[in-house]
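The values are calculated or read from the model by the stated rules, or taken from the named source; none is laboratory data. For clarity, every value in this text was computed on a predicted model and none was experimentally measured. Positions of Cβ are backbone-derived with ideal geometry, glycine not excepted, and every protein chain shown enters the neighbour counts. Quick note on the areas: whole protein, heavy atoms, side chains included, nothing else; ligands and nucleic acids left out. Shrake-Rupley method; radii C 1.70, N 1.55, O 1.52, S 1.80 Å.
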Amino acid sequence: MRKVESIKVQRKKNPLDSTCCEQFSFHLQEKEKIVVYQSYFRLYLLRANYWNTATIYFCPWCGKKLPKHLANSFFETIQAELETLAMTDDFDKLPQEFRTDEWWKKRGL
């Protein structure tokens with residue numbers, strides 16, 4: 001009987017990657033992503049197909065709880081600080097900090 005060697009997943013350094021395990025990190029970096037990260041919401045999504053995703057709250061591989069997403073805080077902050085409602089159509093008109101994770105890092109969220 002032949003011994004099967006385990007395959008070590010190569011982990012690249014990714015500034016958005018503060019994940020819990022190598023498998024999660026690997027899938028975030030794949031070209032055909034099954035895990036999607038939206039930095040401005042700090043939101044992790046599991047892709048079912050091209051059109052459908054589902055928010056995930058735990059790592060599908062190791063079970064560790066993921067950071068709380070900030071989608072509600074995003075809209076509340078925009079409304080409070082910019083006195084406007086952020087609509088999807090107006091995303092490009094938002095200040096640059098709201099198009100990345102800068103807004104929530106700057107506020108210590």
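Data overview
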{"item": "Unmet criterion (only one of (1) aliphatic (A, V, I, L, M); (2) touching a residue at least 24 places away in the same chain (Cβ under 8 Å); (3) exposed (fewer than 11 other Cβ atoms within 10 Å of the Cβ)) for A80", "result": "(2)"}
{"item": "Test: residue in the stretch 50-63 that is open to solvent by 30 Å² or more (accessible area, probe 1.4 Å), small (G, A, S) and touching a helix residue (DSSP H, G or I) at 6+ places or on another chain (Cβ under 8 Å)", "result": "no"}
{"item": "Filtered residues of the stretch 38-92 (kept if modelled with pLDDT under 90, closer than 23 Å to R107 by Cα, hydrophobic (A, V, I, L, M, F, W, C) and assigned to a loop (DSSP other than H, G, I, E, B))", "result": "L85, A86, M87"}
{"item": "Residue list for the stretch 93-109, filter: under 16 Å from S39 (Cβ atoms) and either part of a helix (DSSP H, G or I) or among the acidic types (D, E) (or both)", "result": "Q96, E97, F98, R99, D101, E102, W103, W104, K105, K106"}
{"item": "Residues (open to solvent by 40 Å² or more (accessible area, probe 1.4 Å) and under 12 Å from the mean Cα position of the chain (by Cα)) located in the stretch 18-32", "result": "S18, Q29"}
